[in-house]
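Novice: Structure incoming, see below.
Taken together, the values in this text are just the output of simple stated rules run on the coordinates, not laboratory data. This one's a predicted model, so the numbers in the text were calculated from it and none came from an experiment. Ideal geometry is used to build each Cβ from the backbone, glycine not excepted, and the neighbour counts take in all protein chains shown.
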Amino acid sequence: MKNSPAPLSGANLVGSFCLASGSGPFSVQSYAHQRAERVESIASSAPVLREMSPEISWLTVTQLTAKHPAFSENSLRALIFAAKPRVGAIRNGAESILPGNGLAVAIRRVGRRVLINEKEFLNWVDRQGRNE
């Protein structure tokens, strides 16, 4: 004998369903419409955000290597590591401080993400090797 589900009395199963609280039918289409109206009202009341100026572009290490293949990810990560002055070694109780490479002006850390200002990075590359 085959068990068939009992039909629900008074429920329209196409496009709507009944809430568990028994408050009556709830249309999926009306919910979507109400949600769209709510999103529009929130978007219209939000302050208009200024767009970032086009000359500033922040790229991740991977994006920068894809855009400028002369630099590998490993070489960029080494440059980022050496960007700020750091402790080199401690000998006889004295710390030796290694100077940074000056790239820190082009680097921002947001959480764990490292972002590089492309324009500042290219300016830094241009300054390298010059006899000043």
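Novice: Using R₀ = 30 Å, calculate the FRET efficiency as 1/(1 + (r/R₀)^6) where r is the Cβ-Cβ separation of VAL125 and VAL87; round to 0.05. List each step's numbers first, then the result.
Specialist: On the way: r = 27 Å, r/R0 = 0.88.
Step by step, r from the Cβ atoms, then E = 0.70.
Novice: Report the label-to-label distance for SER57 and ARG109 in nanometres (one decimal), using points 7 Å from each Cα along the Cα→Cβ vector.
Specialist: 2.6
Novice: While we're here: I want to check the label-to-label distance for GLN34 and GLU73. Put each point 7 Å from Cα in the C-beta direction and report it in nm to one decimal.
Specialist: Taking the two extended label points, one gets 4.7 nm.
Novice: If the viscosity is 0.890 mPa s and the temperature 25 °C, what Stokes-Einstein diffusion coefficient in µm²/s follows for the stretch 66-129 when Rh is the Kirkwood radius over Cα pairs?
Specialist: On the way: Rh = 13.2 Å.
After rounding, the answer is 186 µm²/s.
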